[in-house]
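First up is the structure itself, then whatever we jot down about it.
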Amino acid sequence: MTKQELIQELATKIDVSKAAAERFVNAFTETVSDAIAEGDSVQLIGFGTFTVRERNARTARNPKTGEPITIAAKAAPVFKAGKALKEAVNK
């Protein structure tokens, strides 16, 4: 499902205009992004949790030359599915 398909589905389900549904989707993604960028987690009970996980620096090899390269430490966004979502997927 694309973002536009999601917007259309939301507009239909909650009986609002596509513009209002798009504002909601944009506000939701921006709010979640801002929260996890600040180090907070966003928990939606039954759906899942958005968090940030720190990844350590590591050494890898360039596959073309075989030379070792260093991959810098970074923060990565993570989504962990909740129990209800897992059950819905596994029906």
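The values are calculated or read from the model by the stated rules, or taken from the named source; none is laboratory data. Every value quoted in this text rests on a predicted model; they were computed, and no experiment measured them. Here Cβ is always computed from backbone atoms with ideal geometry, including for glycine, and neighbour counts include all displayed protein chains.
Which one of these is within 22 Å of Phe79 (Cα to Cα) and more than 18 Å from the chain's Cα centre (by Cα): Ala19, Ala57, Ala11?
Result of the check over Ala19, Ala57, Ala11: Ala57.
Can you pull out the residues in the range 60-81 that are within 17 Å of the chain's Cα centre (by Cα) and among the small types (Gly, Ala, Ser)? Working first, answer last.
Within the range 60-81, the first condition is being within 17 Å of the chain's Cα centre (by Cα), and the residues that meet it are 74-81.
Result: Ala75, Ala76, Ala81.
Has the range 29-47 got any residue that is surrounded by 14 or more Cβ atoms within 10 Å (Cβ to Cβ) and among the polar types (S, T, N, Q)?
Looking for residues that are surrounded by 14 or more Cβ atoms within 10 Å (Cβ to Cβ) and among the polar types (S, T, N, Q), one finds none in the range 29-47, hence no.
Regarding the range 2-15, can at least one residue be identified that is farther than 23 Å from Ala84 by Cα, of a type outside the set (Val, Ile, Thr) and either assigned to a loop (DSSP other than H, G, I, E, B) or in contact with a Gly (Cβ under 8 Å, 6 or more places away or on another chain) (or both)?
There is at least one residue in the range 2-15 that is farther than 23 Å from Ala84 by Cα, of a type outside the set (Val, Ile, Thr) and either assigned to a loop (DSSP other than H, G, I, E, B) or in contact with a Gly (Cβ under 8 Å, 6 or more places away or on another chain) (or both).
What are the pairs, 6+ residues apart or on separate chains, where a residue within the range 1-23 that is exposed (fewer than 10 other Cβ atoms within 10 Å of the Cβ) has its Cβ under 9 Å from a residue that is of a type in the set (D, E, K, R)?
Final answer for the pair search is Met1/Glu9.
Say whether the condition of being surrounded by 12 or more Cβ atoms within 10 Å (Cβ to Cβ), touching a residue at least 24 places away in the same chain (Cβ under 8 Å) and not assigned by TED's automatic domain parsing to the domain that holds Thr31 is met by at least one residue in the range 65-78.
The answer is yes, given that some residue of the range 65-78 is surrounded by 12 or more Cβ atoms within 10 Å (Cβ to Cβ), touching a residue at least 24 places away in the same chain (Cβ under 8 Å) and not assigned by TED's automatic domain parsing to the domain that holds Thr31.
What strands (runs of 3 or more DSSP E) completely inside the range 22-91 contain at least 2 residues that are within 30 Å of Ala11 (Cα to Cα) and β-branched (Val, Ile, Thr)?
Result: 48-55.
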